[in-house]
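Got a structure here, written out as structure tokens. Questions coming.
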Amino acid sequence: QVQLVESGGGLVQAGGSLRLSCAASGRTFSTYDMGWFRQAPGKEREFVGTTRWRGAGTYYGYLADSVKGRFTISRNNAGNSVDLQLKRLKPEDTAVYYCAGGDGLGPTGEPDYWGQGTQVTVSS
């Protein structure tokens, strides 16, 4: 059974930082994209970022323009976990953050796998 398990959400003041982690199990994810989406109350799901295999245990990261410069995304060498570092958080970053896995992970299309989500709340 494939599982993506997130951790690291919480409540933080504006300008603060959080680190989200996602661990995958149940299949080999090393050549799969892994990344993050978020959904704020009353809004559509939004792509945040992805990591893509480029061979030899390395990955490149891609982030949405809305978070570029404040968030960083990284993948471990084994390819079975992905982290999202959130910095200079704003109240509009408040959302449930979901880990996702699949081929061609990006702003369009549907991931093959989802985590259960972790809440990030940024107070003003």
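Can you tell me the FRET efficiency between K90 and T31 if r is taken as the Cβ-Cβ distance and R0 is 30 Å, rounded to the nearest 0.05?
Given R0 = 30 Å and the Cβ-Cβ separation, E is 0.30.
Here is a further query. Could you report the chain's accessible area per residue, 1.4 Å probe, as an integer in Å²?
Value for the chain: 51 Å² per residue.
Additional query: Considering only protein heavy atoms and a 1.4 Å probe, what is the carbon-and-sulfur percentage of the accessible area of the chain?
47
Starting from the Cα of S7, step 7 Å along the direction of its Cβ; do the same at T58; then give the gap between the two resulting points in nm.
Modelled inter-label distance: 2.9 nm.
Once you wrap a convex hull around the alpha carbon atoms of segment 1-61, what is its projected area averaged over all directions, in nm²?
If you wrap the Cα atoms of segment 1-61 in a convex hull and average its projections, you get 5.7 nm².
Taking springs between alpha-carbon atoms closer than 10 angstrom, which of T72, T50, T108 fluctuates most in the Gaussian network model of the chain?
Of the options given, T108 has the highest mean-square fluctuation.
The values are calculated or read from the model by the stated rules, or taken from the named source; none is laboratory data. None of the values given here were measured: they were computed from a predicted structure. Note: ideal-geometry Cβ built from the backbone for every residue, glycine included; neighbour counts use all protein chains shown. Just so you know, the surface numbers come from the protein's heavy atoms only, side chains and all, with ligands and any DNA or RNA stripped out. Shrake-Rupley method; radii C 1.70, N 1.55, O 1.52, S 1.80 Å.
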